[in-house]
Amino acid sequence: MILEYTGVTADRHERVDVVVIGSGCGGATVAKELAAAGHSVLILERGGYYTSGRGDLDQRADDMLARIDGGRGLDTTTNGQIGLLYGNCVGGASVHYWADSWRIPADRCARYATLGVEGHEDSDLAPHYARIERDLNVHPAPPEYYNRMNLLFDQGAGRLGWHVEPVPQARKGCLKSGHCYQGCSFDAKQSQLVTHIPDALAAGAVLFADCRVDAITTDAGGRASGVRASFLDRRSGRPSGHTLVAESRCVVLAAGGYGSAVIWLRSRLPNGSGQVGKNLYCNPVPYLHAIFPDVVEQWSNIPTATGTSDFRLARYDGDRYLEGGYLLHPNQLQPELLAVTLPGFGIEHRRLMDVLPRMGGAVAWIDDEMPGEITLDRRGRPLYHYEIRGVDELKTRDAMKKQALVLLAAGATEVIIPDTPGTRIRDQHEIARLDDVDIANGAFLFGAPHPAGSLRMGADARTSVVRSTHEAHEVPGLFVADPSAFPLPPSVDPSLGIMAWSYVAANAVRAHLG
Amino acid sequence: MVVGLSRRGFLQAGLLTSGALLGAAVLAGCVRSIPDTEPPGDAYPDVLSRRELAILAALADRVITPAAGTPTARDARVARRIDRELAFNDGSLAGDVRAALTLIEYGPFLDFHLRPFTRLSPAEQDTFLHTCAESGWTLRRNAFGGLRFLCLFFYYTDDRTWRSIGYGGTMVDRKLPEAANAREVLDQPLGSARA
Ligand SMILES: Cc1cc2nc3c(=O)[nH]c(=O)nc-3n(C[C@H](O)[C@H](O)[C@H](O)COP(=O)(O)OP(=O)(O)OC[C@H]3O[C@@H](n4cnc5c(N)ncnc54)[C@H](O)[C@@H]3O)c2cc1C
């Protein structure tokens, strides 16, 4: 059963075994597991419920960012350097996502273990991955899903001697519309909306959409005892006036890497380690545009059928950074996001828009090491403090150089840097200019769709927020099941890893409930 | 840790600077000459004042050069769509946009113009906007960058622009969201979408 804002006519009081906050990869996975085990589960989701059947997923960026994105597409870090992309709908950011589905590499799991994470090694997660990959139809992108930009990327990479690989995709019957980040109109992308959410509902879970959790409540002994929430009026995004009080035997916090720490801080839960909200990683995304001699139409077909992991791990000579520390892919932006990320204004910008069909691009996810922080302002609104700096700046510049290399090798006549002056690179000798391009706030806008780390897992309550069972060190009965618990970013797109960790969390919650 | 200029910092610095600039403008006797006109049909913005809307519309005119046969920024009601969008934001964005508009409008005084942005000729406006875009002063750069982003987004989501940029459009029919910022709903009062 799904309750939406139109169905809420009075305040509500619920009593269940488990309240799950958030309906994305983290929350939906835990919810369906616990419901299937016979527990009463209430999923609370701040965003609305949008389906292809009702025609809600209309492929238009103005409509869809308003529906499914946390900041309606306009949220940034406090310095304006990074655009934050995150979910705000039933199914969470997976409704947005590109469906690239990587396992967390074994080397990163081993690194987590050195930071005090137990039971999340590659071998522990393997059975969960197998299940997820089956249920979400994860498979390498077949050749017919390579759009022109993907083919060009492979050609360029081939000329440079880089190894490329088909990117595993969570799709079934994809119609190649290319509107993945606006939500799939054909239910082909295997987001939580069409997979784990229906599974959870079929197993008896109840979902309240348009319901914002304001605070996690605790009993006299400091145990999580439920939540207080406000129903939102979808027409304004503001509270409708009706509230919810839910009592539960435990609470699963899965409001996403940008959301969970916010709820923790607003609830004024204990923070003895001082780590709540700290260690915010977000995989900043540098991208370059490029003009090709022939039509590319980067907005058609799937975004990233191909890519290279050659540079996933950074290489150092002693302490000196050499190269790498990112995944590298062809880029896909729909025309409106191309328009806002192309440099210039007036006639200069018009000239670039005139050649839009010939515009291609490349993108990278930086495996960041220099975290930011989430705090609240006086009104309790989140502030995301983050600046690309130190070794992350070196990685970012190196990623842009590799992008320029591959785009030129693929036949681009001109690489366009989306900095304020709109720096152009026309041959390999000019690539060194990327060392000097101003990437500070206001001069360059990065994206950041992969938040993690702000409620990190570890064995020591003095330096971490949750244990390896996902239960909070200081709040018994409160479990975190989203990438906020990752002690470091996973070095690949995170969705599959989030779900696998959520299976581990679900087992721990089941043990807790007895 | 707070890195860079925080949003609140941006706002406060923006308002302080705006206040100082406004003061300078008043001293120079220029404020009375700032137009209080609004784009036709946009008499009742949701969040911005009519003057702010007029500044935004003037800025959008410079940011967007339409292709032949496509709507201008005013036809696309870019400024008014941004204003409607601000109504759905929790408030911080509206504050930033207001501060940015004040910086744009009164910024020319810093560059020894004796007129505000809306009173400059189009060529002078372009020169001034280039100064903002390339400014070493982060606040100024951010102010223009943020407004530029909004103008371009709300212009190129107007489907009448798509053919001119070689984009074939969507594969499904449009369905407006409850909290829509579309041109089609701007003359309906806020929050009047059917539940
Ligand atoms: C454009 C884009 C492309 C991406 N592409 C990929 C990709 O190809 N592959 C990949 O692996 N990953 C990708 N990602 C990232 C991936 O989608 C996310 O990491 C993942 O879906 C996050 O899942 P989550 O459960 O942690 O959080 P979310 O999916 O964000 O879910 C959290 C939910 O909690 C809700 N919530 C927040 N606060 C409250 C509250 N107070 N009360 C109630 N509910 C609340 C939110 O509305 C949200 O729906 C992409 C992300 C974006 C935005």
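Checking each residue in the range A:387-437 for being aliphatic (A, V, I, L, M), in a loop (DSSP other than H, G, I, E, B) and farther than 19 Å from residue A:343 by Cβ picks out only A:410.
Looking across the range A:380-406 at every residue that is under 20 Å from the mean Cα position of the chain (by Cα) and of a type in the set (Asp, Glu), the one that is farthest from the other protein chains (Cβ to nearest Cβ) is identified as A:392. Can you confirm whether the range A:306-323 contains a residue that is surrounded by fewer than 24 Cβ atoms within 10 Å (Cβ to Cβ), basic (Lys, Arg) and at the interface with chain B (Cβ under 9 Å from one of its Cβ atoms)? Checking the range A:306-323: not a single residue is surrounded by fewer than 24 Cβ atoms within 10 Å (Cβ to Cβ), basic (Lys, Arg) and at the interface with chain B (Cβ under 9 Å from one of its Cβ atoms).
Of all the listed residues (A:99, A:93), the sole one being surrounded by 15 or more Cβ atoms within 10 Å (Cβ to Cβ), closer than 26 Å to residue A:331 by Cα and touching a Phe, Trp or Tyr at 6+ places or on another chain (Cβ under 7 Å) is A:93. Filtering A:321, A:316, A:384 for residues that are touching a helix residue (DSSP H, G or I) at 6+ places or on another chain (Cβ under 6 Å) and part of a strand (DSSP E or B) leaves a single hit, A:321.
Just name the residue that is farthest from the ligand (Cβ to nearest atom) out of those in the range A:51-68 that are closer than 11 Å to residue A:95 by Cβ and surrounded by 24 or more Cβ atoms within 10 Å (Cβ to Cβ).
Kept after step one, since they are closer than 11 Å to residue A:95 by Cβ, are these residues of the range A:51-68: A:51-52, A:56-57, A:64, A:67-68.
Filter once more, keeping what is surrounded by 24 or more Cβ atoms within 10 Å (Cβ to Cβ): A:57, A:64, A:67-68.
Details: A:57: 14, A:64: 11, A:67: 11, A:68: 8 Å.
Here the answer is A:57.
When B:95, B:168, B:191 are screened for being part of a loop (DSSP other than H, G, I, E, B), more than 7 Å from chain A (Cβ to nearest Cβ) and among the small types (Gly, Ala, Ser), only B:168 passes. The residues of the range A:455-478 that are under 26 Å from residue A:326 (Cβ atoms) and in contact with a Phe, Trp or Tyr (Cβ under 8 Å, 6 or more places away or on another chain), listed by number, are A:455, A:456, A:457. Across the range A:69-104, what is the total count of residues that are more than 9 Å from the ligand (Cβ to nearest atom) and either on the phi > 0 side of the Ramachandran plot or charged (D, E, K, R) (or both)? Going through the range A:69-104 one residue at a time, the tally reaches 5.
Quick one: in the range A:200-236, which of the residues that are out of contact with any strand residue (DSSP E or B) (no Cβ under 7 Å at 6 or more places or on another chain) and surrounded by fewer than 19 Cβ atoms within 10 Å (Cβ to Cβ) is nearest to residue A:32 (Cα to Cα)? Filtering first and then ranking leaves A:203. Within the range A:156-193, the set of residues being free of Cβ contacts under 8 Å to residues at least 24 places away in the same chain and either within 21 Å of the chain's Cα centre (by Cα) or more than 22 Å from residue A:327 (Cα to Cα) (or both) comprises A:173, A:175, A:188.
If a residue has to be among the acidic types (Asp, Glu) and more than 7 Å from chain B (Cβ to nearest Cβ) to count, how many in the range A:332-353 make the cut?
As a first pass, look at the range A:332-353 and keep what is among the acidic types (Asp, Glu): A:336, A:348.
The next check asks that each one be more than 7 Å from chain B (Cβ to nearest Cβ); those that pass are A:348.
Residues that pass the stated criteria total 1.
Looking across A:366, A:374, one residue alone is of a type in the set (A, V, I, L, M), closer than 30 Å to residue A:268 by Cβ and buried (at least 18 other Cβ atoms within 10 Å of the Cβ). It is A:374. In the range A:358-379, which residue that is facing chain B (nearest Cβ under 10 Å) and part of a loop (DSSP other than H, G, I, E, B) is nearest to residue A:321 (Cα to Cα)? Among those residues, the one meeting the criterion is A:370.
For first residues located in the range A:499-513 and touching a residue at least 24 places away in the same chain (Cβ under 8 Å), partners that are basic (Lys, Arg) and lie 6+ apart or on another chain with Cβ distances below 7 Å form the pairs A:513/A:249. Within the range A:489-501, the set of residues being within 9 Å of the ligand (Cβ to nearest atom) and either within 17 Å of residue A:32 (Cβ to Cβ) or within 14 Å of chain B (Cβ to nearest Cβ) (or both) comprises A:495, A:496, A:498, A:499. Of the numbered criteria (1) out of contact with any Asp or Glu (no Cβ under 7 Å at 6 or more places or on another chain); (2) free of Cβ contacts under 8 Å to residues at least 40 places away in the same chain, the one residue A:315 fails is (1). Exactly one residue out of A:274, A:307 is modelled with pLDDT of 95 or more and within 16 Å of the ligand (Cβ to nearest atom), and it is A:307.
Within the span defined as the range A:417-431, every residue fails to be of a type in the set (Asp, Glu), more than 16 Å from the ligand (Cβ to nearest atom) and surrounded by 23 or more Cβ atoms within 10 Å (Cβ to Cβ). A search for C-beta distances below 8 Å between a residue of the range A:441-463 that is over 19 Å from residue A:491 (Cβ atoms) and within 13 Å of chain B (Cβ to nearest Cβ) and any residue that is among the aromatic types (Phe, Trp, Tyr) and more than 12 Å from the ligand (Cβ to nearest atom), counting only pairs 6+ apart in sequence or on different chains, returns A:445/B:149. Within the range A:55-92, the set of residues being among the acidic types (Asp, Glu), more than 7 Å from chain B (Cβ to nearest Cβ) and more than 16 Å from residue A:385 (Cα to Cα) comprises just one member, A:69.
Per-residue answers, yes or no, for (1) within 16 Å of the ligand (Cβ to nearest atom); (2) within 17 Å of residue A:26 (Cβ to Cβ); (3) not hydrophobic (A, V, I, L, M, F, W, C); (4) not in a helix (DSSP H, G or I):
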position	(1), (2), (3), (4)
A:439	no, no, no, yes
A:442	no, no, yes, yes
A:474	no, no, yes, yes
A:487	yes, yes, yes, yes
A:503	yes, yes, yes, no
A:511	no, no, no, no
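Suppose we filter B:107, B:95, B:69, B:146 for residues that are in contact (Cβ under 8 Å) with a residue 24 or more places away in the chain and on the phi > 0 side of the Ramachandran plot; which single one remains? Reasoning before the result, please.
Numbers: B:107 fails: on the phi > 0 side of the Ramachandran plot; B:95 fails: on the phi > 0 side of the Ramachandran plot; B:146 fails: on the phi > 0 side of the Ramachandran plot.
From the options B:107, B:95, B:69, B:146, the qualifying one is B:69.
Evaluated against (1) at pLDDT 80 or above; (2) under 18 Å from residue B:125 (Cα atoms); (3) in contact with a helix residue (DSSP H, G or I) (Cβ under 8 Å, 6 or more places away or on another chain), residue B:85 falls short on exactly one condition, (2). Selection within the range A:459-472: residues that are away from the ligand (no atom under 15 Å from the Cβ) and among the aliphatic types (A, V, I, L, M). The member of this set that is farthest from residue A:110 (Cα to Cα) is A:472.
Mind checking which residues of the range A:5-30 are more than 11 Å from the ligand (Cβ to nearest atom) and under 20 Å from residue A:264 (Cβ atoms)?
Once the filter is applied, which keeps residues that are more than 11 Å from the ligand (Cβ to nearest atom) and under 20 Å from residue A:264 (Cβ atoms), the range A:5-30 yields only A:18.
Looking only at the range A:112-122, decide whether some residue is more than 6 Å from the ligand (Cβ to nearest atom), surrounded by fewer than 21 Cβ atoms within 10 Å (Cβ to Cβ), free of Cβ contacts under 8 Å to residues at least 40 places away in the same chain and closer than 26 Å to residue A:388 by Cβ. Taking every residue of the range A:112-122 in turn, at least one turns out to be more than 6 Å from the ligand (Cβ to nearest atom), surrounded by fewer than 21 Cβ atoms within 10 Å (Cβ to Cβ), free of Cβ contacts under 8 Å to residues at least 40 places away in the same chain and closer than 26 Å to residue A:388 by Cβ. Suppose we filter B:75, B:90 for residues that are within 18 Å of residue B:181 (Cα to Cα), surrounded by fewer than 18 Cβ atoms within 10 Å (Cβ to Cβ), within 11 Å of chain A (Cβ to nearest Cβ) and not basic (Lys, Arg); which single one remains? The conditions single out B:90.
The values are calculated or read from the model by the stated rules, or taken from the named source; none is laboratory data. Quick caveat, the model's predicted, so the values are computed rather than measured. Cβ sites come from the backbone with ideal geometry, for glycine too, and all protein chains shown count toward neighbours.
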